[in-house]
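Data block below; observations after.
The values are calculated or read from the model by the stated rules, or taken from the named source; none is laboratory data. Everything numeric in this text was worked out from a predicted model, so none of it was measured. Virtual Cβ from ideal backbone geometry, glycine too; neighbours counted across all protein chains shown. Side chains included, ligands, DNA and RNA excluded: accessible areas come from the protein's heavy atoms. Shrake-Rupley method; radii C 1.70, N 1.55, O 1.52, S 1.80 Å.
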Amino acid sequence: MQSLIAELQADPYNVPLHVRLANAYAADNRFEDAVALMKNAVELPTADNQTVEYYEDLQIYRARFRLSVAQKNSLPGGSGDLTDVAEKLQWDLNRLELDIFRRRSERYPQDLALAFGLAARLRLNGKLDEAEPLLTRLLNEPSLRASSHWELGKCKQQQQRLVDALKHFRLAAASCGPDQLDLKKKALHRAGSLAVTMKLTESAREYFQQLVDLDPSYKDAQAQLRKLSS
């Protein structure tokens, strides 16, 4: 690391050297130093979009690292102050990711994966009026259909529109491809749990049975199925 610092001092306008040193800082969990270094790098005349995006990524890594430390220090049922800190850091992370994904989507308007990332973060930040139209458009993209139904289901559930939420969770499970098994299991569990809440016993049994067929050890699926069948 000292040799990189010396090289950068000798060549302060070298963007790749900034990136290499920032990588070294990040590998040592020195995210404050890494972010500060890349903040300078993005202002250099040779900085490009890739430099900016690495700076953005480092800001996210720093926020996640801060949150991870706070969560580890927040013992279950322990200090309320530490819990409050973790909650604030989670909120800060959510806002940061939303801001960054919004900028990147503006930079690359044709990138549908970025558009989905933005929609998911809009939903996470409670901006459902913006998230829902974007997710609805993404239903036309086969590779994003299942994930978009999942996020729409969570939007509807946040709005207490349970019938619509159940429809989207069911469609999320049905739309999953062979490489989306984890999402399919999550969607079936959410659909089953929601159907139980809505007292739709037959539907709940159907969803939990599909889930047990996929993964007998998934969460409380077997217990739920036994309860529904008794």
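Quick look at the values:
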{"item": "Proximal charge balance of Ala221 [Cβ under 15 Å; K/R count +1, D/E count -1]", "result": "+3"}
{"item": "Scaled radius of gyration (Cα, divided by 2.2 N^0.38 Å) that the chain gives", "result": "1.28"}
{"item": "Listed peptides 221-227, 150-156 by packing density, highest first (mean Cβ within 10 Å)", "result": "150-156, 221-227"}
{"item": "With every protein chain in place, the chain: carbon and sulfur % of accessible area (1.4 Å)", "result": "51"}
{"item": "GNM result for the chain, Cα springs below 10 Å: residue of Ser175, Ser105, Ser217 fluctuating most strongly", "result": "Ser217"}
{"item": "Ellipticity estimate at 222 nm from DSSP helix runs (n ≥ 4, -39,500 (n - 2.57)) divided over the chain, nearest 500", "result": "-26000 deg cm²/dmol"}
{"item": "Translational diffusion coefficient (Stokes-Einstein; Kirkwood radius from C-alpha pairs) of the stretch 1-75 at 20 °C, 1.002 mPa s, in µm²/s", "result": "167"}
{"item": "Accessible solvent surface per residue of the chain, calculated while the other protein chains remain in place, 1.4 angstrom probe, Å²", "result": "56"}
{"item": "Cα gyration tensor shape of the stretch 103-230, rounded if a/c is under 1.5, else prolate or oblate by comparing a/b with b/c", "result": "prolate"}
{"item": "FRET efficiency for Glu141 and Trp91, using Cβ-Cβ distance with R0 set to 30 Å, rounded to 0.05", "result": "0.50"}
{"item": "Net charge over other residues, Cβ less than 12 angstrom from the Cβ of Gln210 (K, R count +1; D, E count -1)", "result": "+1"}
{"item": "Charge dipole magnitude, Cβ of K and R +1, D and E -1 - the chain, Cα centre, debye nearest 20", "result": "1120"}
{"item": "Exceeding the 19 Å Cα-Cα cut-off - candidates Lys127/Lys186; Lys154/Lys186; Lys167/Lys219; Lys39/Lys127; Lys72/Lys186", "result": "Lys127/Lys186; Lys167/Lys219; Lys39/Lys127; Lys72/Lys186"}
